[in-house]
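Presented below is the structure to which this report refers.
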Amino acid sequence: MTDKQTARAEHSPSGEASQSVPWWHVHRRLYDWVIHFSNTKYGGTALFCLSFAESSFFPIPPDVLLGPLALGAPKKWVRFALACSIASVLGGVLGYLIGAFCWEAIHQWAFSHLAWAKLTPENFSDFADYYEHYGFWIVFACGFTPLPYKVCTISAGVAGISFPGFLIASTLSRSARFFLVAGLMGWKGERIRPVIDRYFNWLSLAFVVLLIGGFYALNWIH
C-alpha cells in the first residue's frame, strides 16, 4: 500500500471502522458504504446519484459525501455543490410527481417498506396538515435543515401545492445548504470539519428560525 493510500485509509470513516460495526447496524454500514466513494474516482457520480435518490427515498443525506469530496479537492467545491444541488432538486421533482400521481396506488407499500427512510403515516400527516398556509416555508425548511426532505417532496405532491413555488423553495434551500457545506470545506478544510459535523444541524435550524422570524417581523411592521 502506498503512503497516499495509507493516509486515505487512516482518515476514511469506512475501512477498518466499518468492519467493527455489528452486522445488524444496517444504517451505519450504509453510511460507511456511501462515504467510501470519496476515496474513489466515482465520487462525483456517486454524489449526483445519492443526492437525487435522497430526495425521494434514500436515508443517507448527500452532505456525508459532499464534505469529504470538497475537502479532498478544494478547487472543485463549486462543481460538487452545483451537481449536488441540481440532483437534489431533480429528485425532489420526482418525489413531488410520485405524490401527485402515484400516491394512492403505492402509499400502503411505502409506509410498510420505507419507514426506515422516515416515511411514516405520522410524519406524512404532520407535513400535509401545514401545507395549506405554509407550503413554501415548509419546503424551504425541509430543504435546508435535517427535517426529512423526502417526506416533504412526496407530501407536497399529494397536497397539490403550487409546483412553481415548490421548485423555487427547493432550489433556494438545497443550493444554500450544499454550497454552504462545500464552501466551508473548500475554504477551511479540516479546521472547520469538526464544527460542521457537530453543530451543522443546530446551525441550520437556527438559520431557518431567524429567516422565518424575520419574514413575519417584516409583515408585522407593515
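The values are calculated or read from the model by the stated rules, or taken from the named source; none is laboratory data. Model, not experiment: these values are computed from the prediction. Here Cβ is always computed from backbone atoms with ideal geometry, including for glycine, and neighbour counts include all displayed protein chains.
Here are the numbers for this structure:
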{"read-out": "Residue that is modelled with the highest pLDDT, among those in the stretch 143-189 that are not aliphatic (A, V, I, L, M) and not in a helix (DSSP H, G or I)", "value": "162"}
{"read-out": "Subset of the stretch 111-134 that is in contact with a Pro (Cβ under 7 Å, 6 or more places away or on another chain) and of a type outside the set (Phe, Trp, Tyr) - its residue that is modelled with the lowest pLDDT", "value": "117"}
{"read-out": "Those residues of the stretch 127-172 which are farther than 21 Å from residue 53 by Cα and either aliphatic (A, V, I, L, M) or within 20 Å of the chain's Cα centre (by Cα) (or both), in sequence order", "value": "128, 135, 136, 137, 159, 161, 165"}
{"read-out": "In the stretch 45-90, the residues that are surrounded by fewer than 21 Cβ atoms within 10 Å (Cβ to Cβ), in contact with a Leu (Cβ under 7 Å, 6 or more places away or on another chain) and more than 25 Å from residue 111 (Cα to Cα)", "value": "46"}
{"read-out": "Residue that is modelled with the lowest pLDDT [pool: residues in the stretch 190-202 that are among the aromatic types (Phe, Trp, Tyr) and either touching a Gly at 6+ places or on another chain (Cβ under 8 Å) or surrounded by fewer than 16 Cβ atoms within 10 Å (Cβ to Cβ) (or both)]", "value": "199"}
{"read-out": "Unique residue being surrounded by fewer than 16 Cβ atoms within 10 Å (Cβ to Cβ), aliphatic (A, V, I, L, M) and over 20 Å from residue 141 (Cα atoms) when the list is 110, 115", "value": "115"}
{"read-out": "Flag if residue 88 is in contact with an Asp or Glu (Cβ under 8 Å, 6 or more places away or on another chain) and under 30 Å from residue 72 (Cβ atoms)", "value": "yes"}
